[in-house]
1. Give all pairs with beta carbons closer than 8 Å in which a residue from the stretch A:191-217 that is within 12 Å of A:PHE171 (Cβ to Cβ) meets a residue that is open to solvent by 90 Å² or more (accessible area, probe 1.4 Å) and aliphatic (A, V, I, L, M); count only pairs at least 6 apart in sequence or on separate chains.
2. So B:VAL187 passes all but one of these: (1) facing another protein chain (nearest Cβ under 10 Å); (2) in contact with a Phe, Trp or Tyr (Cβ under 7 Å, 6 or more places away or on another chain). Which condition number does it fail?
3. Going through the stretch B:168-180 one residue at a time, which ones are in contact with a strand residue (DSSP E or B) (Cβ under 9 Å, 6 or more places away or on another chain) and surrounded by fewer than 19 Cβ atoms within 10 Å (Cβ to Cβ)?
4. Go through (1) in a loop (DSSP other than H, G, I, E, B); (2) open to solvent by less than 90 Å² (accessible area, probe 1.4 Å) one by one and return the number of the condition B:GLU50 breaks.
5. Just a yes or no: is a residue in the stretch A:96-114 away from chain B (no Cβ under 14 Å), closer than 27 Å to A:THR164 by Cα and open to solvent by 10 Å² or more (accessible area, probe 1.4 Å)?
6. Quick one: in the stretch A:190-217, which of the residues that are within 12 Å of chain B (Cβ to nearest Cβ) and under 24 Å from the mean Cα position of the chain (by Cα) is surrounded by the most Cβ atoms within 10 Å (Cβ to Cβ)?
7. Could you please let me know if B:THR227 is among the hydroxyl-bearing types (Ser, Thr, Tyr), buried (at least 17 other Cβ atoms within 10 Å of the Cβ) and under 24 Å from A:GLY215 (Cα atoms)?
8. Tell me, please, whether a residue that is within 14 Å of chain B (Cβ to nearest Cβ) and out of contact with any Lys or Arg (no Cβ under 7 Å at 6 or more places or on another chain) can be found in the stretch A:14-28.
There are 2 protein chains.
Amino acid sequence: MLSKNQIKFITCLKQKKYRMQHGFFVVEGVKTIQELLQSKFVLHALYTTESFNIDAKDEILISETELKRISFLTTPNKALAVFRIPEPKSINRKGLIVALDAIRDPGNLGTIIRLCDWFGVTDLVCSKATVDCFNPKVIQATMGSIARVNINYVDLVDFLNEVTLPVFGAFMDGETVYTKKLLKEGVLVMGNEANGVSKEVEAIITEKISIPRFGNLQATESLNVATATAIFLSEFRRS
Amino acid sequence: MLSKNQIKFITCLKQKKYRMQHGFFVVEGVKTIQELLQSKFVLHALYTTESFNIDAKDEILISETELKRISFLTTPNKALAVFRIPEPKSINRKGLIVALDAIRDPGNLGTIIRLCDWFGVTDLVCSKATVDCFNPKVIQATMGSIARVNINYVDLVDFLNEVTLPVFGAFMDGETVYTKKLLKEGVLVMGNEANGVSKEVEAIITEKISIPRFGNLQATESLNVATATAIFLSEFRRS
């Protein structure tokens, strides 16, 4: 049986302000919860309609009606877990790093985290205007990859000024990524959904790259930022 | 002033059953509406808080409160238009065609339509179990590309059996797309988010392809279907 205080605590974690205040975030769905249970993330409480066979003190069996009351999903998926927000590790300034300049859509950030995991990018650096990676919609879209990518929120201009790696950035008028000489090391900067890379960040970028359009002249004016990131990461890794 | 019947008519178009019955679909947002006004799509009615300077008989000025009552979005974007669902053109069985086997997520379908537009894929073929392309969330994600890609819902097994092009399909155990010889013509089949390509469709696929994973062994088990489509289309076009 869930208490009013438990319900209030869980549902407040939908908002960044309360996640920051309490230091916890919510994960939904059996598969993602199981992945996170096997990760470095620390479980705070698991609310589930079917036992996970873990230490009984961490597991609270609830009814489907109760799950509906705490879930952020229209169709709740058997279990909801509260995990502690970890301290990020310091940024490993080697290899390929992805940097995000004010990505706002949670689905896009979640998809980019999953892409980093797939393409072996261990560090993701986000400007402070980027959506919080512990937002429930981000967690949902990462499909468990949140546990395997080190994410830091930084002043992006300072970070790019300090880093010694070459800095690549996605621009509509950049050099085509298919012929550009890509390196094994570097930072790939992806800009905001509506406005692209900000002026201050653009000034630091040394290598502007783009994905050529093959459609006719009336074709869509841009690609979604997550699909563009997919193509860029694929190009860095295949080279 | 909106009548009760107008509100009822617009909001019912959220459901596929009523879209099929009436033959209309809803588009929201000034930018997408403007793109569709310039396309082959036929406007039925435009409800807007600011005039578009089009033929006055097609335009109904409404208040923001009224827009909220008819909008499908949490934050309505100045205008909502109702367009007639067009008859799809017959499939052009040449060049590169994308075929979808039971894609269920509207955001994924919308993103794939936008990718087809970007990469000059004029025909998208969907199995009957694929989400309806006139679903408002699909329209939202296409960013206007819905007007430039010809979409047909077919029996996918029949279509693939009849087509004379080579049939490529995305599989976890396929040949790496980076070394595979890709052709300028062919059908690229992408499978369902959870289950991949169905057994019946798999039997017809002649070329199984995959995107190599570069992360460690615990990395995410798959890519999102829209990002995988982005990488495959990029590979077909760059070759």
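The values are calculated or read from the model by the stated rules, or taken from the named source; none is laboratory data. Everything numeric here is computed off the predicted structure, so don't read it as measured data. Heads up, the Cβs are rebuilt from the backbone with ideal geometry, glycines too, and the neighbour counts pull from every protein chain shown. Side chains are part of the model used for accessible areas, which takes the heavy atoms of the whole protein and leaves out ligands, DNA and RNA. Shrake-Rupley method; radii C 1.70, N 1.55, O 1.52, S 1.80 Å.
1. A:GLY196/A:MET172; A:SER210/A:MET172
2. Just one mismatch for B:VAL187, condition (1).
3. Within the stretch B:168-180, B:PHE171, B:MET172, B:ASP173, B:GLY174, B:GLU175, B:THR176, B:LYS180 qualify.
4. It is condition (2) that B:GLU50 fails.
5. Yes, because at least one residue in the stretch A:96-114 is away from chain B (no Cβ under 14 Å), closer than 27 Å to A:THR164 by Cα and open to solvent by 10 Å² or more (accessible area, probe 1.4 Å).
6. Going through the qualifying residues, I end up with A:ILE211.
7. Details: among the hydroxyl-bearing types (Ser, Thr, Tyr): yes; buried (at least 17 other Cβ atoms within 10 Å of the Cβ): yes; under 24 Å from A:GLY215 (Cα atoms): yes.
Answer is yes for this residue.
8. Our first condition is that a residue be within 14 Å of chain B (Cβ to nearest Cβ); within the stretch A:14-28, this holds for A:14.
Of the ones still in play, those that are also out of contact with any Lys or Arg (no Cβ under 7 Å at 6 or more places or on another chain) are A:14.
So far as the stretch A:14-28 goes, yes, one or more of its residues are within 14 Å of chain B (Cβ to nearest Cβ) and out of contact with any Lys or Arg (no Cβ under 7 Å at 6 or more places or on another chain).
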